[in-house]
Amino acid sequence: MKVGIIGNGLVGSTSAYAIVMRRAASEVVLIDVDEKRSIAEAADIQHAVPFFQATDVYSGSYEHLDGARAIIIAAGVSQKPGETRLMLLERNAVILKSIIPAALKYAPDAILLIATNPVDIITHLCAKIAAEYDAPSSKVIGSGTTLDTARFRALLGIHLGVDPQHVHGYVIGEHGDSEVLTWSNIDIGGISLEDFVKFRKVNFDEDVKKEIDSGVRNAAYKIIAGKGSTYYGIGAAMARIVDVIARDNRAILTICTPAENIEGIKDVTLSLPHLIGGNGDLGTLPMKLNDAECKALQRSAAIIKEKIDEYEKR
Ligand code: NAD
């Protein structure tokens, strides 16, 4: 399994490191406009390889993407303190317009894994660019709310005293302020949240819910205020997606891909649970949402759609 990573800043290089730790690929090529950066990151990660599993990590150019099955795109500028992801759109869209054709020239069958923010809109644009090169949208996958779902499970797991791997709950919609935490369908080892808290005698009132909601929704803002950027969580998420592709794991992940219609909003890209395998996206899974969650999802779709339209009308 050969993986390319375009953009080797904090997110790209952490993804590379997580891929090595996870043993998700045998070859990782790092590409960045800042060649010094990609050379330095490749060397630093190479020196970790003897502690894990043999993985060939090197700095290269687009030609080296030949044969790559997945390409992570983490190029761009990151969120500044106080800046929303939507404000990043214009700056990052320009960068992506040159990267996608160059990557598909050398790796036409690769699955593109987009991390660059605002990830929903950037994935929407990337899918359109990729379609011009005959790449299907099933092979253009945005990390979407994969990270937000992990944050939700982590906070639920801590509060409930359970390994988060046994907590099934999803964050859908925008990877951003309007995301939707789907409280109505959480289960812990097959038991509903309501039954679980009764059985384990865990306090789970509205204040706890509010605290978890805020912890998930505002995670990026808080981390960025404290240390400038977020990268461990997304690096692990990207490595997980690569692993799923490498092993055709058929995992259910809240990635984003273009959708024809979400709650009446047409041609929009946002996150829902998808089945992911070796060839990319195998389709969305239907979710049973309550009325409030349906409305919140529609609102989130409308917010993304407005930004897409605003961008496309320019
Ligand atoms: P960073 O500034 O550390 O790194 C960005 C890298 O992109 C730099 O090394 C830069 O040289 C490179 N780059 C710029 N233009 C390029 C081009 N044309 N070709 C190749 N490389 C290019 O930023 P970061 O913290 O690594 O964040 C990267 C992106 O990931 C940002 O958009 C950020 O908002 C996003 N992000 C997404 C998530 C998520 O959940 N999807 C989480 C965290 C960050």
Strands (runs of 3 or more DSSP E) (entirely within segment 198-314) containing at least 3 residues that are in the same structural domain as residue 182 (by TED's automatic domain parsing) and either buried (at least 19 other Cβ atoms within 10 Å of the Cβ) or at pLDDT below 95 (or both): 256-262, 265-271
Identity of the residue in segment 79-117, assigned to a loop (DSSP other than H, G, I, E, B) and near the ligand (Cβ under 8 Å from one of its atoms), that ends up farthest from the chain's Cα centre (by Cα): 79
Where a residue in segment 221-237 is under 13 Å from residue 115 (Cβ atoms) and its partner, wherever it lies, is not in a helix (DSSP H, G or I) and not polar (S, T, N, Q), with Cβ under 7 Å and at least six apart: 234/115
Near pairs, Cβ below 8 angstrom, 6+ apart or cross-chain, from segment 4-16 (outside the structural domain of residue 74 (by TED's automatic domain parsing) and over 14 Å from residue 239 (Cβ atoms)) to any residue that is among the charged types (D, E, K, R) and near the ligand (Cβ under 6 Å from one of its atoms): none
Selection from segment 130-144 of residues that are of a type in the set (A, V, I, L, M, F, W, C) and within 16 Å of the ligand (Cβ to nearest atom): 140, 141
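The values are calculated or read from the model by the stated rules, or taken from the named source; none is laboratory data. The structure displayed is predicted, hence computed values, not measured ones. FYI the Cβ positions are ideal-geometry reconstructions off the backbone, even for glycines, and counts take in every protein chain you see.
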